[in-house]
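To start, the structure under review is shown below, and the notes come after it.
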């Protein structure tokens, strides 16, 4: 299989440490180029890996089959729309966007274009996580706890402006809540207290009656323990430490290349290698009946995804309207911190926010009960645009 040409958007510390070397290492991908808002940084990173840099984003798209993003959430939401409209598959970082509106716009663009998308929940690509989730399924779990405590906001490469503004809920929250969600069942309600720039406590309710807590902080001085997730059930317990994950990024790249090569919507119009196209009721291009059938099947799948997305958005609008009529109460999913991060009462409670963007087509990143390639992952080959919306803050 030819390596997938993946362009990189972003040239910051995480792109330098992880994305660029992983994409350039092969054999599943090749780094087709780098674009960043700082051209000098893009040039330096690209040269370090023998790849070109681009001053125009459109030129990076033209040189690539897929695009990996390593930029702040608000920028990813904006530029991801352009990549989707250009017909490129997307490897996305968490959180998907800085707010729900941005996430919905990006998810809608991905759905409309019919391109593949995959979310980089790093825990999900580890064999250790696969073992943890398998164990959790067998113990009839009813509760759990997760903790991710660090001093990242106190200095170093990850004390970046968006993290310093939004804090732990947006940055490490998605990892912890995703794993509790996967181990204990879909999260249906959340209560929260604290300060995202200090300490945040979350109380989660899951389908089936399980409950869990998550403790999040990126402001602790000195040595801190590794992140961990513990779940408890009628038949025992299961635990996962962040220090057990190993190097997951070769697996990330392998699975993303598989997502792209499996034809999960690389282009915005049905197409085969022979450039077969259908416009209205007529076929054009040098293709035969078999190619037409393949293109027709691809188009049918794309249309089905679009219908599912439209139905999800209709349900979402109805739910928002019902929430507005019904007044306050705990939100079905507090996906976004609201207000100033310096006001804890509004920063994480989001009590009148309905984030039903994930109540959609039934395909969910967190429901990867079946491992892909033997490793529990966000099931990238069935990830739908509406699915990705759910990852904006805390996965669902």
Q.
Every residue in segment 26-49 that is loosely packed, with under 15 Cβ neighbours inside 10 Å and touching a strand residue (DSSP E or B) at 6+ places or on another chain (Cβ under 8 Å), please.
A. 39, 47
Q.
Pull out all pairs, ordered by first then second residue, where Cβ-Cβ is under 8 Å, the residues are six or more apart or on different chains, the first lies in segment 108-124 and is on the phi > 0 side of the Ramachandran plot, and the second is buried (at least 24 other Cβ atoms within 10 Å of the Cβ).
A. 114/265
Q: Could you please let me know if residue 128 is in contact with a helix residue (DSSP H, G or I) (Cβ under 6 Å, 6 or more places away or on another chain), crowded, with 21+ Cβ neighbours inside 10 Å and either in a loop (DSSP other than H, G, I, E, B) or touching a residue at least 12 places away in the same chain (Cβ under 8 Å) (or both)?
A: no
Q. Within the bounds of segment 184-205, is there any residue that is under 21 Å from the mean Cα position of the chain (by Cα), closer than 25 Å to residue 131 by Cβ and part of a helix (DSSP H, G or I)?
A. yes
Q) Of the residues 106, 90, which single one is surrounded by 24 or more Cβ atoms within 10 Å (Cβ to Cβ), within 17 Å of residue 7 (Cα to Cα) and touching a helix residue (DSSP H, G or I) at 6+ places or on another chain (Cβ under 6 Å)? A) 90
Q) Would you call residue 10 crowded, with 17+ Cβ neighbours inside 10 Å, under 18 Å from residue 89 (Cα atoms), touching a helix residue (DSSP H, G or I) at 6+ places or on another chain (Cβ under 6 Å) and modelled with pLDDT of 95 or more? A) no
(Q) Taking the conditions exactly as written (surrounded by fewer than 24 Cβ atoms within 10 Å (Cβ to Cβ), under 22 Å from residue 163 (Cβ atoms) and within 17 Å of the chain's Cα centre (by Cα)), does residue 79 satisfy them or not? (A) yes
Q.
So residue 137 passes all but one of these: (1) over 23 Å from residue 249 (Cβ atoms); (2) at pLDDT below 95. Which condition number does it fail?
A. (2)
Q | Any hit, segment 14-22, residues being in contact (Cβ under 8 Å) with a residue 40 or more places away in the chain, touching a strand residue (DSSP E or B) at 6+ places or on another chain (Cβ under 8 Å), more than 17 Å from residue 93 (Cβ to Cβ) and not in a loop (DSSP other than H, G, I, E, B) | A | no
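The values are calculated or read from the model by the stated rules, or taken from the named source; none is laboratory data. Note that the coordinates shown come from a computational prediction; the quantities given were computed from them, not determined experimentally. Cβ atoms come from the backbone with ideal geometry, glycine included; neighbour counts cover every protein chain shown.
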